[in-house]
Amino acid sequence: MRLEAFHLARAHWSRDADREALRAVRLEVFVHEQQVPEALEWDELDAEAIHVLARDEAGQPVGCGRLTTERKIGRMAVRRPWRGSGAGAALLRELVAQARALGWPEVALDAQVQAIGFYEREGFVAEGEVFDDAGIPHRRMRRALAPTAPIADARPAPARLPAGNRHELAASRLQLLAAARRQVAIRLPRLGPDAYQDEAELAELRRLAVAGRGAQIRLLLGDPAAALREGHRLVALAQRLPSVIQIRVPTAEGELADLSACLLTDTGGYLFQADAAQPAGHGALEDRAAQAPLRRQFEAAWERAVRATAIQPLDI
């Protein structure tokens with residue numbers, strides 16, 4: 001199974017479709033497969049937790065996980081046909097990234113004993129004695145998120161971009177655009193007035209558009225018609241340069257419902273928001289390892305997407 005055959009999306013417990021998708025995975029894995037009493041599966045933490053879903057190419061849920069206000073990762077579940085696909089590791093890494101974006105110094109989880117090796121490979125350390133939870137042996141594990149003491153001769157960690165409020169997000173976007181050489185990829189559920197519209201950002205996008213051979217700006221946009229109605233300045237630029245600035249619309253149900261946003265550059269930089277409407281995210285000017293899963297998700301969604309004919313009716 002190809003790693004890019006699934007994509008991640010933020011899920012919201014308050015939304016019926018998201019909640020049912022999360023419940024379907026957890027019922028199948030925990031209640032039916034592992035015989036966890038259903039009364040123990042649901043708790044009050046779900047309503048406030050950050051949930052992430054893995055979906056297949058048709059938008060069907062194949063895995064899930066959550067990050068609770070108790071600073072714990074939990075309810076990690078992947079349907080049996082998708083185990084070994086990388087979906088579990090991708091979910092875990094995204095939840096760790098969310099915890100880091102919140103500024104937490106560490107994150108914990110209660111691992112089923114048979115899964116301890118999986119979590120150890122992702123940097124978690126087991127502590128304490130084995131304990132029983134819903135009839136299954138578990139052990140507490142933690143992962144430090146704050147920097148540790150520097151190690152001689154170690155390569156420095158990639159510098160993180162500030163992304164804790166709208167001002168920082170805008171500054172980081174501009175820094176990434178300025179660092180790009182010829183190509184950027186952008187994913188947005190909606191092209192709002194506070195992104196890719198001020199003169200400095202547009203100037204960098206114009207620079208990329210005329211960079212010569214290999215120049216490419218790709219925009220995966222959930223609601224292009226709204227951007228056209230509202231006269232967004234990036235839309236006007238795209239209409240003038242349709243061969244370089246390409247706009248597509250997701251087709252898979254899960255991708256259309258995805259609230260996340262990302263900016264990816266050809267120099268290994270990225271900026272990610274789990275919810276584009278919330279002024280918080282994480283990114284780096286150059287970190288190809290962290291960019292890689294976002295890049296895989298974007299490329300898979302781009303291949304499934306269709307041209308935004310409302311904005312670019314001709315296939316030029």
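The values are calculated or read from the model by the stated rules, or taken from the named source; none is laboratory data. Quick caveat, the model's predicted, so the values are computed rather than measured. Cβ sites come from the backbone with ideal geometry, for glycine too, and all protein chains shown count toward neighbours.
Structure data summary
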{"quantity": "Among residues of the stretch 255-274, those that are over 13 Å from the mean Cα position of the chain (by Cα), more than 16 Å from ILE217 (Cβ to Cβ) and at pLDDT 90 or above, counted", "calculated": "1"}
{"quantity": "Among residues of the stretch 41-51, those that are under 15 Å from ARG23 (Cβ atoms) and either small (Gly, Ala, Ser) or touching a helix residue (DSSP H, G or I) at 6+ places or on another chain (Cβ under 9 Å) (or both), counted", "calculated": "6"}
{"quantity": "Residue within the stretch 199-214 that is of a type outside the set (Ser, Thr, Tyr) and on the phi > 0 side of the Ramachandran plot present", "calculated": "yes"}
{"quantity": "Boolean, GLY231 is touching a Lys or Arg at 6+ places or on another chain (Cβ under 7 Å), at positive phi and in the same structural domain as VAL184 (by TED's automatic domain parsing)", "calculated": "no"}
{"quantity": "Qualifying residue in the stretch 22-31 (condition: touching a residue at least 24 places away in the same chain (Cβ under 8 Å) and under 13 Å from GLY254 (Cα atoms))", "calculated": "yes"}
{"quantity": "Every pair of residues 6+ apart whose Cβ atoms lie under 6 Å, when the first sits in the stretch 76-100 and is closer than 16 Å to GLY117 by Cβ while the second is small (Gly, Ala, Ser)", "calculated": "MET76/GLY65; VAL78/GLY63; VAL78/ALA87; VAL78/GLY88"}
{"quantity": "Test: residue in the stretch 170-185 that is of a type in the set (A, V, I, L, M), farther than 24 Å from GLY281 by Cα, surrounded by 15 or more Cβ atoms within 10 Å (Cβ to Cβ) and in contact (Cβ under 8 Å) with a residue 12 or more places away in the chain", "calculated": "no"}
{"quantity": "ALA209 at pLDDT 85 or above, within 25 Å of the chain's Cα centre (by Cα), of a type outside the set (D, E, K, R) and surrounded by 14 or more Cβ atoms within 10 Å (Cβ to Cβ)", "calculated": "no"}
{"quantity": "Matching residues, the stretch 212-236, being basic (Lys, Arg) and over 20 Å from the mean Cα position of the chain (by Cα)", "calculated": "ARG213, ARG229, ARG233"}
{"quantity": "Set VAL96, VAL36, VAL52: member being over 16 Å from the mean Cα position of the chain (by Cα) and either among the aliphatic types (A, V, I, L, M) or not assigned by TED's automatic domain parsing to the domain that holds ARG121 (or both)", "calculated": "VAL36"}
{"quantity": "Residue match in the stretch 182-197 (condition: of a type in the set (A, V, I, L, M), modelled with pLDDT under 85 and within 20 Å of the chain's Cα centre (by Cα))", "calculated": "no"}
{"quantity": "Those residues of the stretch 76-86 which are basic (Lys, Arg) and under 18 Å from the mean Cα position of the chain (by Cα), in sequence order", "calculated": "none"}
